[in-house]
Each structure stands twice: as C-alpha cells, then as structure tokens.
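Structure record follows, encoded as structure tokens.
The values are calculated or read from the model by the stated rules, or taken from the named source; none is laboratory data. In this text, all values refer to a predicted model and were calculated from it rather than measured experimentally. Cβ placement follows ideal geometry from the backbone for every residue including glycine, while neighbour counts extend to all protein chains displayed.
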Amino acid sequence: MTPPAAPLDLLLLPTWLVPVEPAGVVLKAHGLGIRDGRIAFIGPRAQALKLAAQEVRELPGMLLSPGLVNAHGHAAMSLFRGLADDLPLMTWLEKHIWPAEAKWVDEAFVRDGTDLAIAEQIKGGISCFADMYFFPKVASERVHNSGLRAQIAIPILDFPTPGAATADEALRQGIELFGDLKHHPRIKIAFGPHAPYTVSDANLEKVRVIAEELDAAIHMHVHETAFEVQQSVEQYGERPLARLARLGLLGPRLQAVHMTQISEEDLALLVESNSSVIHCPESNLKLASGFCPVERLWQAGVNVAVGTDGAASNNDLDLLGETRTAALLAKAVAGSASALDAHRALRMATLNGARAMGLEAEIGSLEVGKAADIVAFDLSGLAQQPIYDPVSQLIYATGRDCVKHLWVGGKQLLDDRQLTRMDEPQLNATAVAWGRRISGHHE
C-alpha cells in the first residue's frame with residue numbers, strides 16, 4: 001500500500017488549462033496542483049477536488065498556461081525607452097545608444113533599469129527572460145531578489161564597454177559569475193558576443209572554447225540587417241552565419257537573435273547544427289531591419305523562439321503582444337493565412353524559448369515534475385467574448401492587461417495584477433528621475 005502523498009501547497013482550478021505539451025491541447029474542467037515549487041498534479045476537476053491542499057484557488061474565466069519566456073532582451077535599456085526613435089539600426093546605435101551608454105551606464109543604471117524591466121515583465125506574464133547587458137553581476141543580483149527566472153549573457157565586444165575594458169576582462173568576469181551561479185535554481189549564465197561586426201575571429205574562438213568547456217549557451221545578434229551580411233561578405237568573403245560555422249560556434253547552444261536574412265545555405269547550416277533562432281519582430285519592424293521567415297524555419301525543423309529585444313527599440317517588453325505580431329507577420333511573410341497558428345505561436349513564446357536556453361526539461365510546458373512557472377490570463381472581459389478557441393482568443397484578442405497571476409517555481413510574483421515583491425510606485429519614481437537626468441532637465 002503506497003503512503004498518501006503530502007498535501008498540495010496550492011491547487012489551481014481554472015476554466016482552461018493549456019499545457020503546450022502535448023501540442024494543441026486545451027483542457028477544460030481540470031486542476032493543477034503545486035507541491036515544493038513543482039507541478040505535482042494535472043487532472044480532471046472532480047479528481048483534483050479529492051486531493052488535500054493547503055490552498056485552493058478558483059480561477060473562473062481564466063486560462064492557465066506556462067509562464068511566457070522572453071528569449072531576447074537588454075533589461076536595463078528600459079531606462080532608454082523612447083530616447084532615439086524612428087532611426088535605422090546603425091544610426092540608432094552609433095549616434096545615439098552607444099554615446100548614451102558611455103555617458104550613463106554604471107552599476108546604479110543597471111540596477112534600476114533591470115528592476116524596471118523585471119517588474120514590467122512580471123506584469124506581462126513573463127516568468128523567464130534572456131538578458132544581455134553590461135554589469136551582468138548586478139543584473140543577476142536583481143533577478144535573484146525578484147524571484148524571476150533568467151539567462152544572463154555576458155556581453156563581449158572588441159572595444160571597451162561599461163564594466164569591462166577588454167573582451168578578455170569580460171570573459172574573465174563571465175567565467176567567475178558562471179562559477180558563482182552554476183547551482184542557482186533560477187539563473188543561468190551564458191556568453192554574449194554582441195554581433196559578427198563587433199567581435200573578431202580571435203575573440204569568437206575564445207567564446208567557443210569557454211562555452212564548450214563550461215557547457216554554456218552562446219547568445220548573439222546574427223543577420224539582423226542586410227547591411228550586416230553585405231559588410232561581412234566584403235570583409236571576410238562569407239556571410240556571418242558561415243563565418244560562425246567556420247569558427248565552430250553553431251550548435252544547440254547557439255541562440256541566433258534576429259536572423260532576418262536567410263539564404264538556402266544559411267537555412268541548411270541552422271538545420272544541420274540544430275541552432276535556435278530568436279525572433280524579435282517588433283524591433284525588426286521598428287528599425288526596418290527585415291523579416292525573419294518564421295514559417296520557413298519552422299517547417300525546416302529549426303527551433304524558433306520569440307523575444308521583445310530591449311525597450312529602447314521596441315518600445316515595450318510585452319511578450320504576448322510580440323507573439324501576436326509574430327503570428328500576423330509570419331502569415332504575411334509566408335503568403336499563407338495558416339502560417340504560425342495560435343497554438344504554435346504560444347509554443348514559440350513558451351517551450352521553444354525554454355528549449356533555446358536549454359531549460360526545456362525544467363520549464364516551458366505544464367507537465368508533472370516541471371517547475372511551477374505558470375501564468376493565469378483572465379479571458380472573462382468584454383473584448384474576449386464569445387470564446388470558441390481560448391488559445392486563439394489569447395493570441396489575437398488579448399492584451400497583457402489580462403495577465404492576472406504569475407507563479408515562478410511555485411512562488412506567486414503577481415497576485416490579481418499586484419506585484420508581490422516589488423514596490424511599483426517606487427520603481428515608477430526611480431524611472432522618472434532617470435528620465436529627467438538623461439534628458440538634461442536635472443543633473
């Protein structure tokens with residue numbers, strides 16, 4: 001006779017439960033039980049109600065899904081939101097963003113900007129995010145305090161950056177931070193060579209060796225614009241992706257961000273190497289960088305995740321909105337209304353992001369044994385009625401203001417739209433003060 005299981009810490013009873021794996025499934029009248037930060041039960045409501053639970057939450061009109069996974073961003077850049085809009089990528093970077101970073105970015109900037117980004121993402125139903133910005137140790141401390149899950153990529157460039165005078169110094173700091181956090185339950189350290197046009201072959205070789213030795217991910221902007229590809233062909237005699245392949249950087253640990261320019265040869269390299277692509281449609285649209293051919297990649301078997309990019313080029317960290325844009329854009333680019341349907345779009349924003357970061361065994365779907373990273377969307381509003389397919393309604397008719405609750409590792413970080421661990425008025429005041437300083441109203 002098996003001993004009775006310990007009581008659940010929490011039993012959630014939504015109207016709809018969308019596990020994402022298996023694909024395309026919507027469970028009605030089901031419950032989800034959490035114990036010790038993990039999903040311990042998924043089953044019919046009648047069965048769920050027979051289980052002992054310390055707390056039972058009825059969630060009428062709500063859809064439970066895995067927490068959203070924002071697979072690319074620059075969290076602290078939230079403090080540059082709207083600073084230099086309506087400009088092409090290289091003008092935006094060279095004339096505005098890089099000078100602003102040189103002037104303003106320090107540990108305090110990264111602390112306050114990362115906190116602002118974390119709060120915005122929690123309120124948008126994001127349970128895990130990929131970050132790539134300066135002073136990564138500070139960012140990791142903010143993530144640790146927040147309860148959120150993250151992959152923090154160490155930025156590596158050939159020229160001096162805030163917090164690291166050389167690429168070698170950045171790599172040293174990254175190795176140290178990786179060692180410090182390798183047993184952290186919610187934080188993974190990755191290596192982030194900025195882009196093919198800012199990192200030399202020699203430094204890319206160093207990244208490859210270190211990433212292989214530590215079994216760490218590589219997070220990199222690749223093929224963001226046609227100009228980048230053309231520049232590489234002129235300088236190296238090959239496209240950036242081919243150059244990365246020659247240097248041994250392609251593989252399951254590579255997260256290639258943007259990929260708006262994809263030839264048949266590029267596609268073959270992505271498929272053969274099992275590299276992931278991170279699609280950032282709104283940033284690509286806003287900077288007129290081009291379109292990632294998501295449906296073509298998906299049909300070829302490439303893992304495609306979705307990211308918001310930083311708030312300086314988006315200008316929000318709204319992954320639900322980003323996923324809707326991705327679904328609509330995929331149809332236009334493929335010339336097919338059935339491209340990237342709603343269920344696959346949700347998978348792209350959850351399990352595919354987890355897979356890109358090497359976290360698919362832990363998060364990205366609602367399955368017994370996985371971490372309890374769960375978001376509750378309220379679909380009871382006027383704008384969501386009537387509901388024929390709740391996932392379709394979530395992707396095409398729902399905004400992030402419908403995010404009601406968020407749990408990460410079973411801990412509730414958002415309760416009825418209220419942040420449980422962060423002081424929203426204080427975050428607001430701090431961001432306003434930074435805006436005044438940066439715009440020159442107050443030194």
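Tell me whether the stretch 361-370 contains one or more residues that are at pLDDT 95 or above, out of contact with any strand residue (DSSP E or B) (no Cβ under 8 Å at 6 or more places or on another chain) and either closer than 28 Å to GLN299 by Cα or surrounded by fewer than 18 Cβ atoms within 10 Å (Cβ to Cβ) (or both). If you could, list the steps in order and put the result at the bottom.
Step one: of the stretch 361-370, the residues at pLDDT 95 or above are 361-370.
The next check asks that each one be out of contact with any strand residue (DSSP E or B) (no Cβ under 8 Å at 6 or more places or on another chain); those that pass are 361.
This time we only want the ones that are either closer than 28 Å to GLN299 by Cα or surrounded by fewer than 18 Cβ atoms within 10 Å (Cβ to Cβ) (or both), so: 361.
Yes: one or more hits.
Only one of these conditions is not met by ALA334: (1) within 18 Å of GLY125 (Cβ to Cβ); (2) in the same structural domain as LEU83 (by TED's automatic domain parsing); (3) touching a Leu at 6+ places or on another chain (Cβ under 9 Å); (4) not basic (Lys, Arg). Which number is it? Of the numbered conditions (1) within 18 Å of GLY125 (Cβ to Cβ); (2) in the same structural domain as LEU83 (by TED's automatic domain parsing); (3) touching a Leu at 6+ places or on another chain (Cβ under 9 Å); (4) not basic (Lys, Arg), the odd one out for ALA334 is (1).
Are any of the residues in the stretch 81-88 of a type in the set (A, V, I, L, M, F, W, C) and either closer than 30 Å to ALA46 by Cα or in contact with a strand residue (DSSP E or B) (Cβ under 9 Å, 6 or more places away or on another chain) (or both)? No, the conditions are met nowhere in the stretch 81-88.
Taking (1) farther than 27 Å from LEU93 by Cα; (2) touching a residue at least 60 places away in the same chain (Cβ under 8 Å) in turn, ALA216 satisfies each apart from (2).
Report yes if ASN315 is more than 26 Å from ARG208 (Cβ to Cβ), surrounded by fewer than 21 Cβ atoms within 10 Å (Cβ to Cβ) and among the polar types (S, T, N, Q), otherwise no. First the steps, then the outcome.
Values: more than 26 Å from ARG208 (Cβ to Cβ): yes; surrounded by fewer than 21 Cβ atoms within 10 Å (Cβ to Cβ): yes; among the polar types (S, T, N, Q): yes.
The answer is yes for ASN315.
Looking across the stretch 390-443, the residues that are over 26 Å from ILE39 (Cα atoms), in a loop (DSSP other than H, G, I, E, B) and free of Cβ contacts under 8 Å to residues at least 40 places away in the same chain come down to ASP423, GLY440, HIS441, HIS442, GLU443.
Might you check whether a residue that is in the same structural domain as PRO136 (by TED's automatic domain parsing) and part of a strand (DSSP E or B) occurs anywhere in the stretch 203-218?
Narrowing the stretch 203-218 to residues in the same structural domain as PRO136 (by TED's automatic domain parsing): 203-218.
Next, only the ones that are part of a strand (DSSP E or B) stay: 218.
Taking every residue of the stretch 203-218 in turn, at least one turns out to be in the same structural domain as PRO136 (by TED's automatic domain parsing) and part of a strand (DSSP E or B).
Consider the stretch 53-90 and keep the residues that are charged (D, E, K, R) and in a strand (DSSP E or B). The one that is farthest from PHE109 (Cα to Cα) is GLU58. Which members of the stretch 103-137 meet the condition of being within 26 Å of ILE374 (Cβ to Cβ) and among the basic types (Lys, Arg)? If the condition is that a residue be within 26 Å of ILE374 (Cβ to Cβ) and among the basic types (Lys, Arg), then LYS123 is the only one that fits.
Wholly within the stretch 224-289, which helices (runs of 4 or more DSSP H) include no fewer than the required count, namely at least 3 residues that are touching a residue at least 40 places away in the same chain (Cβ under 8 Å)?
Numbers: elements: 226-236, 240-246, 264-273, 281-286.
Per the criteria, 240-246, 281-286.
Report, by residue number, each residue of the stretch 185-200 that is of a type in the set (A, V, I, L, M, F, W, C) and either outside any strand (DSSP E or B) or modelled with pLDDT under 95 (or both).
Taking the stretch 185-200 first, the residues of a type in the set (A, V, I, L, M, F, W, C) are 187, 189-191, 195, 199.
ALA195, VAL199, listed by residue number.
The rows are residues; the columns are (1) among the hydroxyl-bearing types (Ser, Thr, Tyr); (2) surrounded by 24 or more Cβ atoms within 10 Å (Cβ to Cβ).
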| site | (1), (2) |
| --- | --- |
| GLY113 | no, yes |
| ALA117 | no, yes |
| GLN121 | no, yes |
| GLY125 | no, yes |
| PHE129 | no, yes |
| TYR133 | yes, yes |
| SER140 | yes, no |
| HIS144 | no, no |
| LEU148 | no, yes |
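Taken as a whole, the stretch 164-183 holds at least one residue that is in a strand (DSSP E or B) and modelled with pLDDT of 95 or more.
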